[in-house]
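Have a look at the structure below before the remarks.
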Amino acid sequence: MQKYFPLICLLVLLAACGKEKPTNRIDSKIDSLISVMTLAEKVGQLSLYTSDWDVTGPTIREGYKDDIKKGRVGAIFNAFTAKYTRELQEMAVKETRLHIPLIFGYDVIHGHRTIFPIPLGAAASWDLEAIEKSDRIAAEEASAEGLHWAFSPMVDIARDPRWGRIMEGAGEDTYLGSRIAEARVRGLQGKGIGEVNSVMASVKHFAAYGAAQAGRDYHMVDMSDRVFREVYLPPYTAAIKAGSATVMTSFNEYDGIPASGSKFLMTDLLRGELKFDGFVVSDYTSIMEMVPHGIAADTASAAALAINAGVDMDMQAGFYEASLANLVKNGEVKEELINTSVRRILKKKFELGLFDDPYRYSNEEREKNTVMKAEFIKAAREIGSKSIVLLKNASLPGQDKQLLPLSKDVKQIAVIGPLADAKREMIGAWSAAGDWKKSVTLLEGIKSAVSTKTNVLYAKGCNINDDSTKYIAEAVRIAKQSEVVVLAVGEGAWMTGEAASRAALNLPGIQQRLLEEILKTGKPIVVVLMNGRPLTINWIQDNIPSILETWFLGTQAGNSIADVLFGDFNPSGKLPVTFPRSVGQIPIFYNMKNTGRPMDRNNKYTSKYLDEENDPLYPFGFGLSYTTFNYGDVKVSKESMTGNEEISVTCSVTNAGKRAGEEVVQLYIRDLVGSVTRPVKELKKFQKILFQPGETKEVSFKINGNDLSFYRKDMTFGFEAGKFEVFVGGNSRDVKMAKFEVK
Ligand code: BGC
């Protein structure tokens, strides 16, 4: 079996000699290796199969260990721990003819062992540093457990909260989404591929997966090239520019062609325009799915379509393994094309250092000293608090003080709700190797926050998603005995994420009924929402004095929430997505167009509903604080500029309250007349700033032609002369405005 090994070593060594640059040296090593590979061995490098450690798709492949030993696979996913990856790596290195090591990949989406807020929640922090840090930690943990590759970041813009995967991305906005995409790639890849504490990123799902029609997962996507380039493409571009080592395709079709078979997406756009030079992996069985899509009649045509489109690695379909060798023999696929894909994959294996030491990431000692370190847990608690959005905080009748924050000395507090003590739910969907048993629930967080004088009572009240009323009475009983009720309601983690679309966005089960019964007790109520998407919570907004949106915050959820509930942390999160009033408003997003008949309630023939407002319940960018920020007038440094100049936009912001607090100051623009219609507002900049009580700061932003650019009528990208409005505010609705002109 090992008879060729000396030859390979010699070739690789010879190629490594001389004074070549490292990249050239890697290239010549790869050439030497490819020159001795059989076609079957090459095709093996192009296949990625799952182990049986986790289920992330509809098919599980029996016998992956045999695949490894026979060289039929180049990478494995859903397998981790230093010990297990070493075991599998040994099979590849010791038992295959060419001893080529495997890459290990996994969905490290919001933490690996230490779980951070779901990405939609983390996006609500608008804190790029914190997000980068969370992915840095995820990379430290994942790489210490033998992983080389995270299937992240997921940067699909989503304007439809029915889509369960909205939880996995940064929400609806292109600019915020792009900045977060970069931060996540930087976090995962750290100082670079090959650093032993870094993993390769895989920006996904290329492309436009977030626009699944009607919010139904895997459903068709249909959009104009203009919307694609302007709204959906930039976050992928940002991640690629930040150096994402790999790209994952999407399940959807784009312009009638499923992404995994789209040469336009995978080659012309990705490699031609965006200059991506890593490798492309298909999403789970998406090459296989081109048959039911109706674009390929059988296995061989689907495989041919994908490889010819530029998809280097086949995740889990097994179609490359089944067909590529024959396709080459029949002349339907050029062997050079296979070589190109093999070269891209081997290159990453070299860069990862796997040819120097295939086990370098599988280090049990490092694993033991790394995972769930105290400083990681602390970081999870911090970003957890930063991700919380205070949606409402009213004072109770007859009192001038708002209900939140609560006093730690309250005598008796009732903690109620199906999510109040739900450990599994805290880490949310896509929680990788996170151990839900280690998560902190809201009840636990509250118990550790309050003083010894406080008595904490708990009742579940109901289940998340059934209609049993048997727990309500107990909840009402403890509410009546308490001074204040903290009520945790929302969705189960499993109701969000992949294959978890919902047609209704209300509280599932009988949670609404529970709320109504508790409200009748007359006790002050804080609703703590836990959910992976915007919910239609008009009743809560109308009836409950204080509301915290807490998403699924991860390992430290309960502590993060308690920090906010009791005022140790002043909430500063802002919604990265619009909350509709009703499902009928969807798609609803802040950067819409004006229409020719903007809404006028007094004029029948305008753009509106008979039975619903146009406005959302909470606008994009919205979030309150325990202090108040006042915005002064917006000033521009010049009222007229040429596109090559820059203007400053300044607004004085004052913390008018008695607590220090952070505010996300947001800048939007509107191009009043364009060669194509422009959105009524577009986020172009933001700054997250700490203000001391009473402090005023002149917040200043610079705008140049690039910030005003878009795809013009002829699809060239640039700005146009004309009038602009610039808005500054603490959310996309409540803003101050100034005007300027581009000559
Ligand atoms: C998902 C991807 C994920 C892959 C591997 C697919 O079903 O769409 O996001 O990376 O499974 O688990």
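The values are calculated or read from the model by the stated rules, or taken from the named source; none is laboratory data. Keep in mind it's a predicted model, so treat the numbers as computed, not measured. For neighbour counting, all protein chains shown are included, and Cβ atoms are generated from backbone atoms with ideal geometry for every residue, glycine included. Protein only, heavy atoms only, side chains kept; ligands, DNA and RNA dropped before computing areas. Shrake-Rupley method; radii C 1.70, N 1.55, O 1.52, S 1.80 Å.
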Relative to the chain, whose Cα atoms define the longest principal axis, helix 128-144 and its Cα axis are tilted in degrees, nearest 10, by 40 degrees
At a probe size of 1.4 Å, how large is the accessible area of LYS368, to the nearest 10 Å²?
-> 140 Å²
Residue-normalised value, i.e. accessible area per residue, for region 629-742 at 1.4 Å probe, in Å², stands at 45 Å²
Checked the chain with the C-alpha gyration tensor, a ≥ b ≥ c its square-rooted eigenvalues, rounded below a/c of 1.5, otherwise prolate if a/b is larger than b/c and oblate if not; verdict prolate
So what's region 388-585 giving for Rg/Rh, alpha carbon basis, Kirkwood Rh from the mean inverse pair distance?
-> 0.93
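Check each of the chymotrypsin sites (Phe, Trp or Tyr not before Pro) in region 246-291 and keep only those in coil by DSSP with at most 10 other C-beta atoms within 10 angstrom; list them in order.
none
For the chain, with all protein chains present and a 1.4 Å probe, just round the carbon and sulfur fraction of the accessible area to a whole percent.
50 percent
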Rolling a 1.4 angstrom probe over the protein heavy atoms, how many square angstrom per residue are accessible across region 36-171?
-> 24 Å²
How about LYS460: which aspartates and glutamates have a C-alpha closer than 16 Å to its C-alpha, ignoring those fewer than 8 places off in the same chain?
-> ASP421, GLU425, GLU444, GLU474, GLU491, GLU516, GLU517
In debye to the nearest 20, the charge dipole size for region 202-304, taken about the Cα centre with +1 at each Lys and Arg Cβ and -1 at each Asp and Glu Cβ, equals 300 debye
For region 629-742, shape from the Cα gyration tensor axes a ≥ b ≥ c, cut at a/c of 1.5 then a/b versus b/c, turns out prolate
What whole number of Å gives the distance from the Cα centroid of region 111-170 to the Cα centroid of region 383-429?
-> 24 Å
Any of LYS69/LYS241; LYS241/LYS349; LYS65/LYS437; LYS378/LYS437; LYS438/LYS523 with alpha carbons more than 26 Å apart? Name them for me.
-> LYS69/LYS241; LYS65/LYS437; LYS438/LYS523
All aspartates and glutamates inside 14 Å of LYS453 as judged from Cα atoms, apart from same-chain residues fewer than 8 positions distant = ASP409, GLU483
Heavy-atom accessible area per residue, region 298-352, 1.4 Å probe: how many Å²?
-> 34 Å²
Coil-residue GluC sites (Glu not before Pro) of region 50-140, DSSP, other Cβ within 10 Å capped at 13 = GLU62
VAL526 long-range amide H proximity, modeled H, under 5 Å = VAL485, VAL486, LEU487
Helix-derived mean residue ellipticity, 222 nm - over the chain, DSSP H n ≥ 4, -39500 (n - 2.57), to 500 = -8500 deg cm²/dmol
